[in-house]
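The values are calculated or read from the model by the stated rules, or taken from the named source; none is laboratory data. The structure presented is a predicted model; accordingly, all values stated were derived computationally and were not measured. Methodologically, a virtual Cβ is constructed for each residue, glycine included, from the backbone with ideal geometry; neighbour enumeration extends over all protein chains shown. Keep in mind that these areas ignore ligands, DNA and RNA; they rest on the heavy atoms of the full protein, side chains included. Shrake-Rupley method; radii C 1.70, N 1.55, O 1.52, S 1.80 Å.
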Amino acid sequence: MRSTIFGQFLLNPLNTGALCASSTFLSKEITKHIGIEKAKSIVELGSGTGAVTRHIVDSVHNNTAFFAVELNPDIYNAFKTRFPKVKVYNRCASELPEIVKGEGLGHGVDIIISGLPWASFSDKLQDSLLDAVMQSLRPGGVFTTFAYLQGTILPTGIKFKHRLRKHFSEVHKSRVVWANIPPAFVYRCRK
Ligand SMILES: C[S@@+](CC[C@H](N)C(=O)[O-])C[C@H]1O[C@@H](n2cnc3c(N)ncnc32)[C@H](O)[C@@H]1O
């Protein structure tokens, strides 16, 4: 139970941010139209138990640098068991610039895919995590993340949307993926 998103939601709803992992339909929407097949470097933040990771792994090129960052130790362990070949850091996403440098990618990564529950985060945490994303992404790089439909009427969800518009030169919203619990859409942003 501790190794599932549902189990961790019961223990720590705000940091987990979801009752269950993303559906295949949402995972496909998250990983499409962002150039995964051609990317040289990809990072996944808040990888959870790997619902989206599976689609990333299926699409990436063999020589693409790819790693994940997951804060929750129980979820991190479940991820490692499920994806023994994927490098994953049990760290906070705010530490991404250091991790990226340590990986020899100090010039910035091509794509950052986020599963972080932004609407559950305070203003301060949203700012520090988005700063870490901006520092780690190369100019012209792509940042993608999803938002639950109900989160868009929360003040934190509205502020997150404004932050994206402030930081990125392009922000695109996908269609709503109804086949997900709860329904969600994807933001695709270019630095
Ligand atoms: C909504 S779940 C998404 C999991 C998975 N990406 C999916 O779509 O099914 C959010 C995940 O982000 C992780 N997380 C929350 N805050 C984090 C942080 N500051 N740094 C890294 N991971 C974090 C949680 O532990 C959880 O596994």
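Side notes on the structure shown:
A quick yes/no check of all residues on (1) surrounded by fewer than 22 Cβ atoms within 10 Å (Cβ to Cβ); (2) within 12 Å of the ligand (Cβ to nearest atom):
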{"residue": "20", "(1), (2)": "yes, yes"}
{"residue": "42", "(1), (2)": "no, no"}
{"residue": "63", "(1), (2)": "yes, no"}
{"residue": "70", "(1), (2)": "no, yes"}
{"residue": "73", "(1), (2)": "yes, yes"}
{"residue": "99", "(1), (2)": "yes, yes"}
{"residue": "106", "(1), (2)": "yes, no"}
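- Filtered by the rule that a residue be more than 9 Å from the ligand (Cβ to nearest atom) and modelled with pLDDT of 95 or more, the stretch 108-122 gives 108, 109, 110, 111, 112.
- Verdict on residue 7 being in a loop (DSSP other than H, G, I, E, B), open to solvent by less than 10 Å² (accessible area, probe 1.4 Å) and within 14 Å of the ligand (Cβ to nearest atom): no
- Any hit, the stretch 112-133, residues being more than 17 Å from the chain's Cα centre (by Cα), among the aliphatic types (A, V, I, L, M) and assigned to a helix (DSSP H, G or I): no
- Residue match in the stretch 78-94 (condition: within 21 Å of residue 131 (Cβ to Cβ), part of a helix (DSSP H, G or I) and not polar (S, T, N, Q)): yes
- Meets criteria (in contact with a helix residue (DSSP H, G or I) (Cβ under 7 Å, 6 or more places away or on another chain), open to solvent by less than 20 Å² (accessible area, probe 1.4 Å) and either outside any strand (DSSP E or B) or hydroxyl-bearing (Ser, Thr, Tyr) (or both)) for residue 164: no
- Test: residue in the stretch 25-35 that is open to solvent by 20 Å² or more (accessible area, probe 1.4 Å), near the ligand (Cβ under 9 Å from one of its atoms) and under 16 Å from the mean Cα position of the chain (by Cα): no
- Which numbered condition residue 15 misses (of (1) within 10 Å of the ligand (Cβ to nearest atom); (2) touching a residue at least 40 places away in the same chain (Cβ under 8 Å); (3) open to solvent by 30 Å² or more (accessible area, probe 1.4 Å); (4) more than 21 Å from residue 136 (Cβ to Cβ)): (4)
Yes or no, residue by residue, for (1) of a type in the set (Ser, Thr, Tyr); (2) touching a residue at least 12 places away in the same chain (Cβ under 8 Å); (3) closer than 23 Å to residue 126 by Cα:
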residue	(1), (2), (3)
27	yes, yes, yes
36	no, yes, no
55	no, yes, no
83	no, yes, no
94	yes, yes, yes
99	no, yes, yes
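- Count - residues of the stretch 177-191 that are farther than 12 Å from residue 152 by Cα, part of a loop (DSSP other than H, G, I, E, B) and open to solvent by 30 Å² or more (accessible area, probe 1.4 Å): 5
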